[in-house]
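Here's the structure we're looking at; comments come further down.
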Amino acid sequence: MELVTNKTLEKLKYDLVRDGLISYEDIEKAHELAVSQNINIGQVLIKSGLISEEKLLKFLESKLHIPYVDLKDYTLDTRCLSYINFNDAQKYKIIPLFKIENVLTVAMADPLDLFAIDKIVEKTGCDIEPVVSAESLVLKKIEEYYKSDSSVGEINLEDTKTEFDWQEELNNDILSDEHIQILIRAILKQAILNNVHELFFEHVPNGLSVNFRMNSQIVNTGQIPNILVVPFISKLKTLSGLDASVCELPQLGKLIFKVDDLVLAASISAFPTINGERISLKIYKPPKRLEEIGLSDSQINTVKNEVKTAGVILVCGPSLSGKTHVIYSILSDLSDSKKNIMTIESIAKYKLKNVNQCELNENIGFNMDKAMRFIEFQSPDIIYFEGITSKTALDYFSSLIFKDKVIITEFLADNMADLIKKLSYNDFEMFKPLISCIVFVHNSKSIEVFDKNELKRFTGIV
């Protein structure tokens with residue numbers, strides 16, 4: 001888990017002692033509490049009543065010579081919101097206030113977070129002028145100003161007509177941000193109504209085609225006209241935490257949207273082609289307990305027993321069968337096992353309690369190879385890897401089993417015969433004997449679980 005810090009206060013905390021504002025003992029206790037609770041030291045100091053937030057901010061203003069701005073009744077220039085997306089605003093606790101020529105003034109809870117400032121400079125192309133403000137007020141303003149822009153909004157399935165068609169929203173001639181958001185919501189609504197978990201947006205001569213994957217076939221559901229393509233893609237990427245100004249490089253993000261009372265997540269991939277960006281969106285349902293996804297008591301016991309000893313739990317099935325959903329349910333059930341559970345994922349679909357989830361980030365060089373080299377230093381007991389990507393990964397998984405680790409990973413196979421055929425390849429010879437359990441997800445209503453003895457008896461896999 002990433003340690004939450006405030007670089008400004010970490011650097012200046014002993015100046016608080018020298019200025020007689022706090023005792024040395026209180027600073028040391030506050031530091032210990034901050035580390036144990038994974039919050040920054042400023043929050044501890046304020047919550048403990050050791051110093052008022054106003055006095056702390058005035059102290060920072062005097063030491064840093066950075067102006068303090070009270071955001072309580074501040075009205076910022078909403079035109080500047082486009083410079084910093086919602087995800088970055090939340091992540092770095094930063095919000096844009098106004099822009100004069102090429103200088104963007106931003107309020108920050110941690111004005112010495114140079115990494116955050118560099119990232120914002122890189123993305124905006126502006127010079128950044130930070131001012132210091134209360135963390136609570138920065139977060140409140142982010143919620144207030146980005147609220148309508150940070151998610152697709154609620155999709156209400158009640159009172160839906162038998163024949164719902166997202167293209168009816170194209171009848172609206174108003175080219176506005178709100179209209180684009182309604183259009184995105186309508187497309188997602190039709191996907192949910194049609195039980196579609198994967199959809200694509202592809203450039204065609206007259207606009208952007210909207211395609212659903214249904215029963216392994218790609219079905220075109222209509223086209224977004226040329227006049228709406230640029231604002232549509234820009235809005236979809238912004239909502240997903242992607243850089244709307246970049247179209248020449250692949251990007252991966254996450255879209256959150258609400259259907260009735262259920263919050264759903266979707267991974268979104270933007271990929272450059274000679275025709276323009278192709279955008280793929282995969283919808284993931286929130287994890288349930290194992291008994292809620294249709295597993296019997298004996299199947300649940302098999303899974304829970306196999307995670308107690310070193311080995312590979314292989315979750316298999318065809319594309320879009322629900323493999324990731326089952327894995328998240330397994331991880332969710334294991335969260336109270338007093339084990340160090342870690343994941344290596346391209347996108348963390350849902351935040352899991354007591355699970356240390358790690359997202360790969362090719363932009364900064366944090367790829368699967370680097371993750372595999374360094375994750376052992378975290379002493380994990382159970383590791384979920386998103387998939388088997390290479391012979392190197394297979395060999396690495398095998399080495400982890402010999403170090404008493406439990407590996408959970410997924411594998412694409414249309415059926416058991418296809419699985420047996422694929423595992424018969426030479427690359428899997430060393431890996432196969434290490435498989436302790438196979439969970440085969442045919443679809444959301446049909447899941448089989450095989451322990452090692454059953455695998456020997458019925459399939460000959462191990």
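Number of residues in region 76-98 that are small (G, A, S) and touching a Phe, Trp or Tyr at 6+ places or on another chain (Cβ under 8 Å) equals 1. Filter region 257-279 for residues that are surrounded by 15 or more Cβ atoms within 10 Å (Cβ to Cβ) and either assigned to a loop (DSSP other than H, G, I, E, B) or of a type in the set (A, V, I, L, M, F, W, C) (or both) and give the result. Those that are surrounded by 15 or more Cβ atoms within 10 Å (Cβ to Cβ) and either assigned to a loop (DSSP other than H, G, I, E, B) or of a type in the set (A, V, I, L, M, F, W, C) (or both): F257, V259, L264, A265, A266, I268, A270, G276, E277, I279. Filtering region 1-14 to residues that are assigned to a helix (DSSP H, G or I) and either surrounded by 15 or more Cβ atoms within 10 Å (Cβ to Cβ) or at pLDDT 80 or above (or both) leaves K7, T8, L9, E10, L12, K13.
Counting only residues that are over 16 Å from S329 (Cα atoms) and either basic (K, R) or in a loop (DSSP other than H, G, I, E, B) (or both), region 280-289 holds 1 of them.
The set of residues in region 394-411 that are over 15 Å from E429 (Cβ atoms) and touching a strand residue (DSSP E or B) at 6+ places or on another chain (Cβ under 8 Å) comprises L400, K405, V406, I407, I408, T409, E410, F411. Taken residue by residue, region 354-373 has no member that is assigned to a loop (DSSP other than H, G, I, E, B), under 28 Å from N301 (Cα atoms) and free of Cβ contacts under 8 Å to residues at least 12 places away in the same chain.
Every residue, every condition in (1) in a helix (DSSP H, G or I); (2) in contact with a helix residue (DSSP H, G or I) (Cβ under 8 Å, 6 or more places away or on another chain), yes or no:
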| site | (1), (2) |
| --- | --- |
| E291 | yes, yes |
| I300 | yes, yes |
| N305 | yes, no |
| T309 | no, no |
| V315 | no, yes |
| S319 | no, no |
| I327 | yes, no |
| L331 | yes, no |
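Residues in region 271-316 that are hydroxyl-bearing (S, T, Y) and closer than 17 Å to I383 by Cβ: T309 only. State whether one or more residues within region 397-405 are at pLDDT 90 or above, assigned by TED's automatic domain parsing to the domain that holds D369, farther than 19 Å from I293 by Cβ and in a strand (DSSP E or B). No, because not a single residue in region 397-405 is at pLDDT 90 or above, assigned by TED's automatic domain parsing to the domain that holds D369, farther than 19 Å from I293 by Cβ and in a strand (DSSP E or B).
I'm trying to understand the selection: among the residues of region 249-283, which are under 17 Å from E202 (Cβ atoms) and among the charged types (D, E, K, R)? Of everything in region 249-283, those that are under 17 Å from E202 (Cβ atoms) and among the charged types (D, E, K, R) turn out to be E277, R278, K282. Can you confirm whether region 51-66 contains a residue that is touching a helix residue (DSSP H, G or I) at 6+ places or on another chain (Cβ under 8 Å), assigned to a loop (DSSP other than H, G, I, E, B) and within 21 Å of D113 (Cα to Cα)? So far as region 51-66 goes, yes, one or more of its residues are touching a helix residue (DSSP H, G or I) at 6+ places or on another chain (Cβ under 8 Å), assigned to a loop (DSSP other than H, G, I, E, B) and within 21 Å of D113 (Cα to Cα).
If you go through region 431-461 and keep only what is of a type in the set (V, I, T) and either in a strand (DSSP E or B) or touching a residue at least 60 places away in the same chain (Cβ under 8 Å) (or both), you end up with I435, I438, V439, V441, I447, V449.
Checked against the criteria, N40 counts as crowded, with 16+ Cβ neighbours inside 10 Å and in contact with a helix residue (DSSP H, G or I) (Cβ under 9 Å, 6 or more places away or on another chain). Among the residues making up region 406-430, a single one is in a strand (DSSP E or B) and more than 24 Å from N305 (Cβ to Cβ): L412.
Of the residues making up region 384-396, those that are under 25 Å from Y328 (Cβ atoms) and either in contact (Cβ under 8 Å) with a residue 12 or more places away in the chain or part of a strand (DSSP E or B) (or both) number 9. Scanning region 194-233 for residues that are assigned to a helix (DSSP H, G or I), surrounded by fewer than 17 Cβ atoms within 10 Å (Cβ to Cβ) and either within 23 Å of the chain's Cα centre (by Cα) or aliphatic (A, V, I, L, M) (or both) returns I227, V230.
The values are calculated or read from the model by the stated rules, or taken from the named source; none is laboratory data. Only a predicted model underlies this, so the values are computations on that prediction, with no experimental measurement involved. We place every Cβ from the backbone using ideal geometry, glycine too, and count neighbours over all the protein chains shown.
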